[in-house]
Amino acid sequence: MSEPSGKDFFRVKIIPRQVLKRQRTRRAAWSTAVSSMPTEKDNAVSTQCLAQGNLGQVRRSHLHTTLVDALRRGLLPLDPRTQLLLRLVSRDLRDLVSSDVRALRATDETRMCHAGRFPRLQRLDLSGCDAGEVSDDGLAGLAHLSCLTSLDLARCLRVTDAGLAALRPLTNLTTLNLAVCRRVTDAGMRVVGGLTGLEVLDLNRCRLLTDVGVGSLVPLSRLASLNLRGCWLLGNAGIAALAQLTALASLNLGGCQVTDAGLAALAPLERLSHLDLMGCLGLEGNLPGLSCLTGLTFLNLSVCGNLVDESLRALGPLHVLTSLNLRGCVHVTNEGAAAVAARTSLTGLSLRGCGSVDDAGIAALRPLTGLKSLDLGWCAHASGMGLAALTELVGLEALTISECTRVSDVDLAVVAALSGLTSLDLRGCDKVCDTGLTALSGHLTMLKTLSLAECAKVTDVGLTALTTLTCLTDLDLSGVNKATDVGFVALALSLTNLVSFSLRRCRQVTDTTVLAVAALPALTFLDLGCCLRVTDSGFSLLAKGTKAGARALLKLER
């Protein structure tokens with residue numbers, strides 16, 4: 001296979017110093033452990049003591065303390081040598097109260113045998129075993145871990161209802177994660193319903209669950225957080241059963257078959273503060289029951305495509321609501337925006353994709369003086385007239401006006417008055433030119449995150465103006481094709497705090513820019529995808545310039 005040329009597409013990722021430090025620690029721990037292994041004579045004595053069950057006579061001097069510490073942190077693989085050492089120090093390891101089993105890189109049987117060594121284990125993470133390492137047989141080995149309080153089985157695709165049956169003795173469990181366990185059905189929920197100490201339960205995308213299974217969760221009187229996102233078969237009957245879980249503070253019903261009647265059934269949940277209804281297409285009308293949830297601080301109604309302005313009037317009694325997401329509610333108009341503005345407690349608001357909201361609707365948001373984050377992306381009718389009203393929102397820190405194609409340089413002069421902004425997203429604002437960026441650079445000195453992706457009219461003049469924004473840590477210039485090395489190098493020399501820098505599809509980038517970027521001391525992510533003029537020599541310069549051996553490791557992905 002030939003070496004990749006400069007015309008290949010690359011993404012450059014720089015792995016931070018902390019990752020390298022962990023890798024070095026792992027290697028050093030194993031090196032020390034091997035060097036500290038007992039001699040053949042010592043092994044013979046230790047083996048005899050073990051055979052007699054006399055663990056007290058096994059000499060601790062055979063094992064270096066670094067090995068014990070490494071095993072406590074799960075840094076070593078379970079190969080035969082480590083297993084011998086595990087047996088020698090098993091008495092010390094019985095005091096462990098936490099283990100991330102993923103770091104042990106063992107098979108299903110070995111994982112469970114290893115976990116079984118720690119009778120005082122409190123937290124066990126087996127998530128991400130989607131290749132089939134953890135099955136029902138493996139879970140049977142956890143039944144005696146009576147001290148276990150947290151168990152994460154997310155994406156364990158071989159776990160079924162039979163495996164969950166082995167969890168019945170774990171009466172001290174308070175947290176259980178079964179996200180994406182696709183074989184779990186209503187029968188498994190009868191087992192989960194018996195774990196009456198549960199406070200946090202994640203059933204995200206357990207798509208075989210129905211109303212019957214959710215009804216089995218009623219005995220969980222202590223449950224404070226429940227995630228049912230993506231349980232497509234769940235309807236109003238199951239949601240009505242949830243009303244008996246009066247301790248619930250957080251509930252995610254995203255993608256479920258919730259209608260207005262189901263939402264009304266949640267009225268008894270007086271402690272509910274976090275409600276996620278993303279993608280519940282059955283919601284429409286005036287959202288009965290929502291007005292009873294007066295303790296809500298977070299509400300996600302994104303992609304509820306049938307919501308109308310009348311629906312948002314139900315927000316009236318929600319006096320402590322701080323975050324509201326209406327992304328993709330295409331039928332919401334200026335009248336709905338005015339209804340939202342009555343909730344002066346809001347600190348975060350998304351109207352992304354609400355295409356019927358124009359300048360008048362944006363101007364109606366003036367009363368939201370406590371707003372810190374505002375997303376107006378894809379509001380195609382937004383322009384300077386609406387943005388001018390936002391200057392009264394003096395506490396605004398993050399503003400997104402991506403794909404607002406009517407926004408121009410004149411409008412950016414208005415945005416520049418928001419001097420407290422730390423994040424600004426102008427992706428796809430194709431009328432933005434160098435003049436607008438010059439106006440921003442003189443005022444938004446606190447800006448840390450800036451996206452100019454697909455702003456095709458920006459040139460070196462505009463980029464050079466941004467060199468005064470020395471607080472920037474995240475800069476996205478993807479698709480800025482009129483800029484050349486002159487502008488990119490000027491940025492690299494001035495913005496020394498950059499952590500993430502995207503130059504994807506910037507066709508004028510050459511090895512000269514790469515060399516300048518290589519000198520950025522804090523950079524951890526660099527995207528040079530589709531930069532066709534960068535050659536092998538440029539990547540070689542980048543590898544040398546980042547001093548990979550001392551600070552970071554350079555990785556190229558085709």
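Give me the Debye-computed log₁₀ of I(q)/I(0) at q = 0.16 Å⁻¹ for region 226-367, equal point scatterers on Cα only, no solvent, two decimals.
Treating every Cα as an identical point scatterer, log10 I(q)/I(0) equals -0.76.
Return the sequence-ordered ³J(HN,Hα) values of region 284-297 in whole Hz as given by the Karplus equation 6.51 cos²θ - 1.76 cosθ + 1.60 applied to θ = phi - 60°, using x for Gly and Pro.
Coupling constants for region 284-297: 7, x, 9, 6, x, x, 5, 5, 7, 8, 6, x, 4, 10 Hz.
Quick one: what Rg and Dmax do you get for region 346-483 from the alpha carbons, in Å?
13.6, 40
With a 1.4 Å probe and every protein chain kept in, tell me what percent of the accessible surface of region 389-479 is carbon plus sulfur.
C and S atoms contribute 56 percent here.
What relative contact order, as a whole-number percentage, does region 454-499 give when Cα pairs under 8 Å and 6 or more residues apart are counted?
Once normalised by length, the contact order is 54 percent.
Work out the charge dipole of region 408-457 with +1 on the Cβ of Lys and Arg and -1 on the Cβ of Asp and Glu about the Cα centre, then indicate which of 442, 426, 456 is farthest towards its positive end.
442
If DNA, RNA and ligands are ignored and the probe is 1.4 Å, what is the ranking of 503, 493 by accessible area, most exposed first?
Output order, biggest surface exposure first: 493, 503.
With every protein chain left in place, what is the accessible area per residue of region 364-514 in square angstrom, probe 1.4 Å?
I get 36 Å² per residue for region 364-514.
So how long is each side of region 303-343 along the principal axes, counting just the alpha-carbon atoms, biggest first, in Å?
Computed over region 303-343, the largest-to-smallest principal extents equal 25, 17, 13 Å.
Counting only protein heavy atoms and using a 1.4 Å probe, what share of the accessible area of region 215-344 belongs to carbon plus sulfur, as a whole percent?
Within region 215-344, the accessible surface is 56 percent carbon and sulfur.
Heads up, I need the accessible area for residue 284: 1.4 angstrom probe, whole protein in place, Å², nearest 10.
90
Report the normalised scattering of region 111-246 as log10 I(q)/I(0) at q = 0.11, 0.15, 0.18, 0.22 Å⁻¹, calculated by the Debye formula with identical scatterers on the alpha carbons.
Log-scaled intensity ratios, in q order: -0.35, -0.65, -0.94, -1.40.
At 1.4 Å probe size, put 189, 385, 446, 278 in order of accessible surface, largest to smallest.
Final ranking, largest accessible area leading: 385, 446, 278, 189.
Using the basic label-point model (7 angstrom from Cα toward the beta carbon), what is the residue 267 to residue 123 distance in nanometres?
Going from the residue 267 label point to the residue 123 one covers 4.1 nm.
If you scale each eigenvalue of the Cα gyration tensor by 5 and take the root, what three semi-axes come out for region 402-558, rounded to whole angstrom and sorted largest first?
27, 17, 12
What residues have an amide H closer than 5 Å to that of residue 160, excluding those fewer than 5 places away on the same chain, when H is modeled at 1.01 Å from N in the peptide plane?
136
How big is D for region 404-445, in µm² s⁻¹ as a whole number, if Stokes-Einstein is applied with the Kirkwood radius of its Cα pairs at 20 °C and 1.002 mPa s?
209
Taking θ as phi - 60°, what are the ³J(HN,Hα) couplings along region 222-235 by the Karplus curve (6.51, -1.76, 1.60), each to the nearest whole Hz, with x for Gly and Pro?
Karplus values, whole Hz, x for Gly and Pro: 8, 4, 10, 9, 9, 10, 10, 4, x, 7, 5, 7, 7, x.
Using a basic spin-label model with each label point 7 Å from the Cα along Cα→Cβ, how many nm lie between residue 313 and residue 162?
Here the modelled spin labels are 5.7 nm apart.
Residue separation times 0.36 nm, minus the C-alpha to C-alpha distance between residue 286 and residue 532: what's the value?
83.2 nm
With the crude spin-label approximation of a point 7 Å out along Cα→Cβ, what separation in nm comes out for residue 344 versus residue 182?
Distance between the two pseudo-spin positions: 5.1 nm.
Residues in region 154-190, backbone N under 18 Å from the label point at residue 146 (7 Å along the Cα-to-beta-carbon vector): list them, ranges by number please.
Answer for region 154-190: 166-174.
Between residue 430 and residue 543, what FRET efficiency follows from the Cβ-Cβ distance if R0 is 35 Å, with the result rounded to 0.05?
0.50
Under the definition of Cα pairs under 8 Å and six or more residues apart, what whole-number percent is the relative contact order of region 347-390?
It rounds to 56 percent for region 347-390.
What is the spread of the Cα atoms of region 319-424 along each of their three principal axes, largest first, in whole Å?
The principal-axis extents, from largest down, are 37, 29, 19 Å.
How much length is gained if the chain between residue 360 and residue 470 is pulled fully straight, taking 0.36 nm per residue apart and subtracting their Cα-Cα distance, in nm to one decimal?
Roughly 36.1 nm would be gained on extension.
With an 8 Å Cα cut-off and a minimum separation of 6 or more residues, compute the relative contact order for region 219-312 in percent.
It rounds to 25 percent for region 219-312.
Express in nm, to one decimal, how much length is gained between residue 519 and residue 391 on full extension, taking 0.36 nm for each residue of separation and deducting their alpha carbon distance.
42.3 nm
If you find the alpha carbon centre of region 285-335 and of region 422-452, how far apart are they in angstrom?
Here the answer is 31 Å between Cα centres.
Heads up, I need the accessible area for residue 539: 1.4 angstrom probe, whole protein in place, Å², nearest 10.
Residue 539 has an accessible surface of roughly 20 Å² with all protein chains in place.
Counting only the heavy atoms of the protein chains, how much of residue 331 is accessible to a 1.4 Å probe, in Å² to the nearest 10?
100
Between residue 232 and residue 494, what is the FRET efficiency for a Förster distance of 51 Å, r being their Cβ-Cβ separation, to the nearest 0.05?
After rounding to 0.05, the efficiency reads 0.50.
In Å and from the alpha-carbon atoms only, list the Rg and Dmax of region 145-209.
Values for region 145-209 (Cα only, Rg and Dmax): 10.6, 30 Å.
The values are calculated or read from the model by the stated rules, or taken from the named source; none is laboratory data. Model, not experiment: these values are computed from the prediction. Because the Cβ atoms are built from the backbone with ideal geometry, glycine has one as well, and the counts that use them run over all protein chains shown. For the accessible areas, the whole protein counts, side chains as well, though only heavy atoms, and no ligand, DNA or RNA atoms are used. Shrake-Rupley method; radii C 1.70, N 1.55, O 1.52, S 1.80 Å.
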